[in-house]
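Undergrad: Take this structure first; my questions come after.
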Amino acid sequence: MSFDLRLTVGADQTALAAGLKVPVRVDFASTPSLLLAAPSGSGKTYLLTWLLSQLAKKTGQVILADFKGIDFIEMDGCKNYFRHDAVAEALNIAFDTLQERMHNPSADTEPLFFVVDEWAGFLSLYPKKEQDAFKQKMASLLMLGRGAGVFVIMALQRADASYITGRDNFGNALGLGRLSSESVRMLFQDEADQIQPKGRGHGYLRTDGKPLREIVVPRIRDMKKLKEEIRAKLQ
C-alpha cells in the first residue's frame, strides 16, 4: 500500500517574482526527513504549524515532541504530544516503533512522523553520556526509518553540529531568516556561498539531487482552525 508522503513547504520565490504561485513540495517517499533551522522570529513555529496541519489530514500517526512546551501548548493533554523532558519518552516511542517494524516488516504499515522542536534544548538537559544515547537513537531513526515508514522532522533555532548525529541523513534541509554561519554549514554545506540573509518567512530549501530553491512560507489565514486540526490528530 502506498501513502501520500508529500508536504508543501512554501512557494517558489523566483516564480512569485514573475507573478506565478508555484508550490514547493518535499516527498518523504523518495527523500525522507527534514531539518528546519530558523533563528527566533524567522517563522519556524509558523512553518512547523503549517506542516503539522498537512500531516493532520494524512493517513498515519504523528508524534509531536515540543521541548519548550510554549508554542504548541494548545496540544497539552493529547496522547501524542510530549513537552520538556517528556521528549525522551517520545523519542523512545519512535525508536521502539522502528525496532518493532524492522523485526516484523509489513507493506501495509502506516507512516509515523516524529516531529521534534528544539532538539538541542532538550539534549542540553542531560550529561554527555545520556546525550550520546539520545543522539544514537535519533541517528537510527534517520538512517533506517524510511524502510520502516518512520520519518523525522526536526526544527531548531540553530543547527549545531554538536547536537546532530547523521546530518547527511536529512534528505531535506530548510533554513529561514538570518541563519548563523554554523547553520549555513550544516544545512547547505555545498551551497553555502549562495545563502543570503532573509526576512521572516523567507529562506532556502535543499533537497538531495535537486537545485537549491528560494522559498516563501505561505500565509495562514485561520491559525485557530489549523491548531484544532493538529490537536485532533494528536489525540
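Undergrad: All but one of (1) at pLDDT 95 or above; (2) under 17 Å from residue 116 (Cα atoms); (3) open to solvent by 50 Å² or more (accessible area, probe 1.4 Å) hold for residue 172; which doesn't?
TA: (3)
Undergrad: Please verify whether residue 60 is small (Gly, Ala, Ser), touching a strand residue (DSSP E or B) at 6+ places or on another chain (Cβ under 7 Å) and either over 15 Å from residue 155 (Cβ atoms) or open to solvent by 60 Å² or more (accessible area, probe 1.4 Å) (or both), treating the condition exactly as stated.
TA: yes
Undergrad: Which members of region 1-57 meet the condition of being open to solvent by less than 20 Å² (accessible area, probe 1.4 Å) and aromatic (Phe, Trp, Tyr)?
TA: If the condition is that a residue be open to solvent by less than 20 Å² (accessible area, probe 1.4 Å) and aromatic (Phe, Trp, Tyr), then 28 is the only one that fits.
Yes or no, residue by residue, for (1) in a loop (DSSP other than H, G, I, E, B); (2) open to solvent by 30 Å² or more (accessible area, probe 1.4 Å):
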| position | (1), (2) |
| --- | --- |
| 64 | no, no |
| 69 | yes, no |
| 79 | yes, yes |
| 110 | yes, yes |
| 114 | no, no |
| 125 | yes, yes |
| 134 | no, no |
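Undergrad: Another one. Please enumerate the residues belonging to region 175-203 that are out of contact with any Phe, Trp or Tyr (no Cβ under 8 Å at 6 or more places or on another chain), surrounded by fewer than 21 Cβ atoms within 10 Å (Cβ to Cβ) and under 15 Å from residue 216 (Cα atoms).
TA: 178, 196, 197, 199, 200, 202
Undergrad: Would you say residue 208 is surrounded by fewer than 21 Cβ atoms within 10 Å (Cβ to Cβ), under 30 Å from residue 100 (Cα atoms) and acidic (Asp, Glu)?
TA: yes
The values are calculated or read from the model by the stated rules, or taken from the named source; none is laboratory data. Since the model is a prediction, treat every value here as computed from it, not as a measurement. We place every Cβ from the backbone using ideal geometry, glycine too, and count neighbours over all the protein chains shown. Just so you know, the surface numbers come from the protein's heavy atoms only, side chains and all, with ligands and any DNA or RNA stripped out. Shrake-Rupley method; radii C 1.70, N 1.55, O 1.52, S 1.80 Å.
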